[in-house]
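K.L.:
First the structure, then my questions, so here it is.
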Amino acid sequence: MKLEVIRLKKQFKDCTAINNLSFSIETGEITGFIGPNGSGKTTTMKVIANIEPCDEGDILLDDISILEYPELIREHIGYVPDSLPSNKDMTVHEYIDFFASAYGLKTPIRQKSVLQLEKFTNLTSLRDKTIDSLSKGMKQRVSIARALISDPDFILMDEPAAGLDPRARVELRDLLKILKDQGKGILISSHILSELAEICTSTVIIEHGKLLKAGKLEEIVNESAKSRNPIFQIKTMNPPSEELIKKISLEPMVSKISVFGNIIEFEYTGTKEQSIELVGKLVSDGLRISSYGFKEENLESVFMNVTKGEVQ
């Protein structure tokens, strides 16, 4: 099954949140939805989930417009917002059961479905606890259970790992992999690109509501690696001096130097042997180096290369 966003537009007063945006996601894949803050990711997800209206464009579910037939959303699309449940007086079981009832599930089917969801999201032991007593990670699981009530084909997840501790993030990744193996299509936004790269099969990169890159993650990374010179990185014991940076810039095969604290990065067209000679020169000049080498192209480097980081 395919979910297609076609030439979507959304305007808020003087701000264009979504600007002629088109991309598609498929079942059985995890798609990383990334972009700088204010790039339009949350608004796009809300439009797909029918929480926000769009000004122009369409959204197709296997060639059927869900804007014309919004009832399809309840059955096929689950949404996990960036806000966590905050119902103080409701228990976990009451919360999930309430939404199952709202989706039209009748007893005893509803009871069975709720129990299965609690077990799948590891909430069984917490079913009698109130929502406000849960940790952030457990509240996130409640949000996921709510999104799975209709057993949707697609799940939209807006920054689900934000603020989670390391264990909760690992458990979330494991859960997403299980959902992918069940054949669900997942569109997930996150600023933790290293973790997205571990689980995503494809990616959509946007900025100012416009599409910059979309496709299979491996293909995008390989394409980016071919489009520019290799990046050489040197990590130093102390921040490098301006004099040393200037000296590196005069090397014939060096261009586009960047310095991030104790890290020096630049494009380098020389061979591995020549890079070792360069490092030897720098050590002779007194630079204390902790590590060096060519950087592998990855999702993070692609993101930094194609975005400008400007907020609307």
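K.L.:
How many of the residues in the stretch 212-224 are assigned to a helix (DSSP H, G or I) and in contact (Cβ under 8 Å) with a residue 12 or more places away in the chain?
P.N.:
5
K.L.:
Give the residue, chosen from Ala225, Ala161, that is open to solvent by less than 60 Å² (accessible area, probe 1.4 Å) and closer than 29 Å to Arg146 by Cα.
P.N.:
On inspection, the qualifying residue turns out to be Ala161.
K.L.:
Is it the case that Gly137 is under 19 Å from Leu21 (Cβ atoms) and open to solvent by less than 70 Å² (accessible area, probe 1.4 Å)?
P.N.:
The answer is no for Gly137.
K.L.:
Determine the pairs where a residue that is of a type in the set (A, V, I, L, M, F, W, C), located within the stretch 117-129, has a partner that is assigned to a loop (DSSP other than H, G, I, E, B) with Cβ atoms under 8 Å apart, the partner being 6 or more residues away or on another chain.
P.N.:
As it stands, the answer is Leu117/Leu123; Leu117/Leu148; Leu117/Ile149; Phe120/Leu148; Leu126/Leu134, since those pairs meet every condition given.
K.L.:
Moving on. I'd like the residue in the stretch 89-115 that is of a type in the set (Val, Ile, Thr) and more than 27 Å from Ser135 (Cβ to Cβ) and, out of all such residues, is nearest to the chain's Cα centre (by Cα).
P.N.:
Taking the candidates together, the pick is Ile109.
K.L.:
Counting only residues that are without any contact (Cβ under 8 Å) to a residue 60 or more places away in the chain, outside any strand (DSSP E or B) and surrounded by 12 or more Cβ atoms within 10 Å (Cβ to Cβ), how many does the stretch 71-111 have?
P.N.:
Number of matching residues: 19.
K.L.:
Please enumerate the residues belonging to the stretch 112-126 that are within 15 Å of Ile144 (Cβ to Cβ) and surrounded by 15 or more Cβ atoms within 10 Å (Cβ to Cβ).
P.N.:
The answer is Ser113, Val114, Leu117, Glu118, Phe120, Thr121, Leu123, Leu126.
K.L.:
While we're on this one: Would you check which residues across the stretch 203-217 are open to solvent by 10 Å² or more (accessible area, probe 1.4 Å) and under 27 Å from Gly78 (Cβ atoms) and list them?
P.N.:
Selection gives Glu207, Lys210, Leu211, Leu212, Lys213, Ala214, Gly215, Lys216, Leu217.
Conditions (1) open to solvent by 50 Å² or more (accessible area, probe 1.4 Å); (2) farther than 28 Å from Glu219 by Cα; (3) among the aromatic types (Phe, Trp, Tyr), marked per residue:
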site	(1), (2), (3)
Glu242	yes, yes, no
Leu250	yes, yes, no
Thr271	yes, no, no
Lys281	yes, yes, no
Ile289	no, yes, no
Lys295	yes, no, no
Leu299	no, no, no
Met304	yes, no, no
Lys308	yes, no, no
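K.L.:
Of all residues being open to solvent by 20 Å² or more (accessible area, probe 1.4 Å) and either assigned to a loop (DSSP other than H, G, I, E, B) or in contact with a helix residue (DSSP H, G or I) (Cβ under 7 Å, 6 or more places away or on another chain) (or both) in the stretch 11-48, which is nearest to Glu75 (Cα to Cα)? Just the residue, please.
P.N.:
Within the stretch 11-48, the match that is nearest to Glu75 (Cα to Cα) is Thr27.
The values are calculated or read from the model by the stated rules, or taken from the named source; none is laboratory data. Computed from a predicted structure; not experimentally measured. Here the Cβ is made from the backbone with ideal geometry for all residues, glycine too, and neighbour counts use every protein chain on show. Surface areas here come from the heavy atoms of the whole protein model, side chains and all, with no ligands, DNA or RNA. Shrake-Rupley method; radii C 1.70, N 1.55, O 1.52, S 1.80 Å.
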